[in-house]
1. Starting from the Kirkwood radius over alpha-carbon pairs of the chain, derive D by Stokes-Einstein at 25 °C in a medium of 0.890 mPa s and give it in µm² s⁻¹.
2. What is the ratio of the Cα radius of gyration of the stretch 276-340 to 2.2 N^0.38 Å, where N is its residue count, to two decimals?
3. Computed from the mean reciprocal separation of all distinct C-alpha pairs, what Kirkwood hydrodynamic radius does the stretch 1-149 have, in Å?
4. Could you state the number of Å between the C-alpha centres of the stretch 319-338 and the stretch 215-277?
5. In whole angstrom, note down how far apart the Cα centers of the stretch 52-106 and the stretch 146-202 are.
6. Excluding A333 itself, what net charge comes from residues whose Cβ is under 12 Å from its Cβ, given Lys and Arg +1 and Asp and Glu -1?
7. Excluding the sites themselves, what is the longest stretch of the chain that contains no GluC sites (Glu not before Pro) in a DSSP loop with at most 12 other C-beta atoms within 10 Å?
8. Can you give the helix-only mean residue ellipticity at 222 nm for the chain, where every DSSP H stretch with n ≥ 4 adds -39500 (n - 2.57) and the sum goes over all residues, rounded to the nearest 500 deg cm²/dmol?
Amino acid sequence: MSDFLKQRLMTLATKKRTKIVLPEAGMDLRTLKAAALLKKEDFCDVMLVGDTKKINALAKANNVDIAGQEIVDPATDDRLLAIVTEYQQRRAKENLTDEQAAKVISNPLYYAAMLVSRGDADGMTAGAYNTTGNVLRASIKCIGTEKGIKTVSSFFLMTLPEGSEYGEHGTLVFADCGVNPDPTDVQLADICISTADTAAGLLGMEARVAMLSFSTKGSAKHESVDKVTSALAMVKERRPDIFIDGELQADAALVKKVGEFKAPGSPVAGKANILIFPNLDAGNISYKLTQRLANAEALGPILQGLAKSINDLSRGCSVEDIASVTVVTAAKANLLEGLK
């Protein structure tokens, strides 16, 4: 993580003391080690959710110091009955019996999400053990989406090597690279708005959003281009305050001379700091190519569009990755509270 990005995220994360839930400590050693690291860094409070015996046994077997860490065991927590009832109410359409709801809530991932939903914690970091799909399902069922946004999506903070001329202090935002395989124009508009707001808040920057395509300003005709231009019109109508343009090819979005030639007068071309991809193929491939070929650091996927601060992890993540994403979780929690 670059010095600029680390300082910015830590500043936002410590605006107000937060409590972040880690629901995988009983089944993933990296998460347990990250909890110990986060305790030393002391920028937020950490709550471990899971089987107390398993968590303590894993810590003891691997000499991980979790003394003083708050552990919440769904099986013995005095909030269990209330949380089961609240979950039934949230999922009323499913007509869950007490037994069915209790079985779902016994999963630490769901219990942790409900703790965030009811305000007992400010955010959750998960995904070292669980798949992205599992994290998303628990978050959507227990927490739901942000007001005015129906589409949950994700982005990566891509930090380029020192001296790069692209992005904001060498950091570009790529979305959506982890959730929506083939978003509709409506979903693409949601992704644009969520990314502009979240990324601008996290980085303290003016969002300049480029909606990417293989076409620039009508240079090619295709239904995928039509989807991008339709989404652009929706964003401009819903949020005229956002600096956004499309459809733009990647070089037109990033390179000043190319942008001036291909899209003269554009408020974004040649100086974009947020890149919106038309589908998951393009987004996922692009972030991995940028990471490997440009030696960029990829932080994410950072989830957005949820009513609370939840972040996913790659199952190949390191201890340091979990700690870094938890910094983002704490920062997002404060951002959702209106702190900037």
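Quick note: the coordinates plus some simple rules give every number you see, no bench work behind them. In this text, all values refer to a predicted model and were calculated from it rather than measured experimentally. Positions of Cβ are generated from backbone atoms using ideal geometry, with glycine treated the same way; all protein chains shown enter the neighbour counts.
1. Approximately 119 µm²/s, per Stokes-Einstein.
2. 1.25
3. Averaging 1/r across every pair of different Cα atoms and inverting gives 16.3 Å.
4. What the calculation gives is 30 Å, centre to centre.
5. Measuring centre to centre over Cα atoms gives 32 Å.
6. Neighbour charge sum, excluding A333 itself: +3.
7. In the chain, the maximal stretch lacking such sites is 1-161.
8. -14000 deg cm²/dmol, from helical runs alone.
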